[in-house]
Amino acid sequence: MRFFYLQVFIFFVNISAFAQVFEGFITIQHNQVDRRFYLYVPNDHQNVSSTPLLFNFHGGGGDPVSYMNYTSDMRELAEANNFILVYPEATTDPNTGSISWIDKASNESPRDETLFVEAIINLINTDYSIDLDRIYACGYSEGGIFSYELACRLNNMIAGIASVSGSMLSETERSNLGFIDCSPEHPTAIMLIAGTSDENAHSRYQGCCLDYGLDSYYLSVEEITTYWKNYNVTDTNPIISEVSNTNTSDGSTVDRKIWSNGTGGVKIQELKIIGGEHDWPGSSGNMDINANDEIWEFLSKFNKNGMIGNLNLFDEKKSISISPNPFDSYVRIEGIDNELLHIYDLHGRKYNLKINQNILDTKSLQSGIYFLAIKEEKLIFKLIKY
C-alpha cells in the first residue's frame, strides 16, 4: 500500500462530528495558539473496544509531512496493526526562532509541550476510544529527546517510549530549562536506537559535554540505560546479541541489548548502531534493521502495568506501607523483608543504609529524589528527601 499526503484542516473544540476523518491535519487551539497534528486512524479501529495510540515526533526544525515522507512513515504499520498514529507539529522556540519541542534557554516559565500532548490525547479519546493503558511515544533527534520528557513528565499517560538518535536531558539541564525532575510513576518500557558515531551534541553516544569541560547537558547511552534499569528494577546486565548484517554496504552493524525481568515484566532495549550516525535506521544509515518495525514490535508488548499479560502487576505495591514520604531522617517500611531493600539516586548510585525494626536510617542522604527497589517483588517506590 502506498500513501499519498492529504492535507485536511479542521478547526474545532470537540471532534465527535468528524469521526470519519481517518487521515489529515487537525488544528486545535492550545494556550490561545493554533496548533496542528497529523492524525491517522486505521480502518478497523471500530472493530475493537479500545485502540492503542502512538505519537511520533519529528526532529528540531522539522515538520510532520517531511518527516513522514523522508524519515518515518508508520501509516502502513498502523493500518496493519490497528493502532492510531499521531504526528504532532512543533512550534517556534521564542529564544532562537527555530521549530522545536524544547526551548533552548533558561526560562522561569518554560513552554511545556507535554501539555499539548495531553490535550491531543484527551481530544482524540473523546471520539476514538483510546486504550489509555497503551499510549506510546517515539521520535527522532529532538523528537526522541522529547519522548524521554514524556516518559518523565507525562508518565501517568505514557506506557513506553522509543528514542532514535536523541539523548535524555540531564537533571542539570532539566533544571536549567525550568523543568521538574524526571518523575516516572509506573513500569515504563524504554527503547533507544543510538549510533556510536553520532556527533550531534544532543545525541552523542557518550553524552555531552563533560569531555569538553562543560556541564552534563545530555546523558550518555550508558547513563540512560542505568537510570531506567534502576527505576524499572530490571536485571543488572543485558542479554546481548548481534543482529544479522544483511546489508554490508551501509558501514554499520547492530548489537541488540535487552534488560529483562523488570517491574511487571517491563524491559529496556538498546539497539546499538556500531558506526551509525545521526540516522533513522531503515530510512537512512543502517539498513540491517527498520526502526519503524522495531519500535512497534517492542512497545506494543507493554502497557502501564508492564508486559501485557504479566501477572506481577505494579498495583501490588498498594499492600506495602512506606512513610513518611517526603521524609527527613528516617523511613518506616511495612510489608516486606528488610534484606530485600536497595536505595538508588537519580544517577543510579546505590546506597547501603542501616535498617532496624522496619526503620530505614536516611540521615546520611542528601536532599533529593531516590528510588527504593524491592528486588524479590520487582517493585520500585519513588522517595523524596527534604
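The values are calculated or read from the model by the stated rules, or taken from the named source; none is laboratory data. Keep in mind the model is a prediction, meaning the values are calculated, not measured. Glycine gets a Cβ as well: all are built from the backbone with ideal geometry, and neighbour counts include every protein chain shown.
Miscellaneous remarks
- Of everything listed in (1) surrounded by fewer than 21 Cβ atoms within 10 Å (Cβ to Cβ); (2) in contact (Cβ under 8 Å) with a residue 24 or more places away in the chain; (3) out of contact with any strand residue (DSSP E or B) (no Cβ under 6 Å at 6 or more places or on another chain), the single unmet condition for ASN245 is (3).
- Every listed requirement among (1) surrounded by fewer than 24 Cβ atoms within 10 Å (Cβ to Cβ); (2) touching a residue at least 60 places away in the same chain (Cβ under 8 Å); (3) on the phi < 0 side of the Ramachandran plot is met by ASN261 save one, (3).
- Helices (runs of 4 or more DSSP H) fully within the range 53-170 counting 1 or more residues that are under 14 Å from the mean Cα position of the chain (by Cα) and surrounded by fewer than 24 Cβ atoms within 10 Å (Cβ to Cβ): 113-128, 142-153
- Checking each residue of the range 156-166 against the condition of being farther than 21 Å from TRP280 by Cβ, of a type outside the set (Val, Ile, Thr) and in contact (Cβ under 8 Å) with a residue 60 or more places away in the chain gives at least one match.
- Qualifying residue in the range 112-126 (condition: in contact (Cβ under 8 Å) with a residue 40 or more places away in the chain and farther than 21 Å from GLU89 by Cβ): no
- Checking GLY251 against (1) touching a strand residue (DSSP E or B) at 6+ places or on another chain (Cβ under 9 Å); (2) surrounded by fewer than 18 Cβ atoms within 10 Å (Cβ to Cβ), the condition it does not meet: (1)
- ASP93 meets each of the listed conditions (1) at pLDDT 90 or above; (2) among the charged types (D, E, K, R); (3) farther than 27 Å from ASP133 by Cβ apart from (1).
- In the range 322-335, the residues that are of a type outside the set (A, V, I, L, M) form Cβ pairs under 7 Å with partners that are in a strand (DSSP E or B) and exposed (fewer than 13 other Cβ atoms within 10 Å of the Cβ), at six or more places apart or across chains, as follows: ARG332/SER323; GLU334/SER321; GLY335/SER321.
- Verdict on THR172 being among the polar types (S, T, N, Q) and closer than 27 Å to SER283 by Cα: no
- Tallying residues that are assigned to a loop (DSSP other than H, G, I, E, B), closer than 16 Å to GLU142 by Cβ and within 16 Å of the chain's Cα centre (by Cα) within the range 203-238 yields 2.
- Within the set ILE224, ILE180, the sole residue that is surrounded by 20 or more Cβ atoms within 10 Å (Cβ to Cβ) and at negative phi turns out to be ILE224.
- Looking only at the range 348-386, residues that are assigned to a strand (DSSP E or B), modelled with pLDDT under 80 and of a type in the set (D, E, K, R) come to 2 in all.
- Counting residues in the range 283-292 that are at pLDDT 95 or above, outside any loop (DSSP other than H, G, I, E, B) and either under 26 Å from SER141 (Cα atoms) or assigned by the TED database to the domain that holds GLY166 (or both) gives one or more.
- Residue match in the range 146-165 (condition: aromatic (Phe, Trp, Tyr) and more than 22 Å from GLY264 (Cα to Cα)): yes
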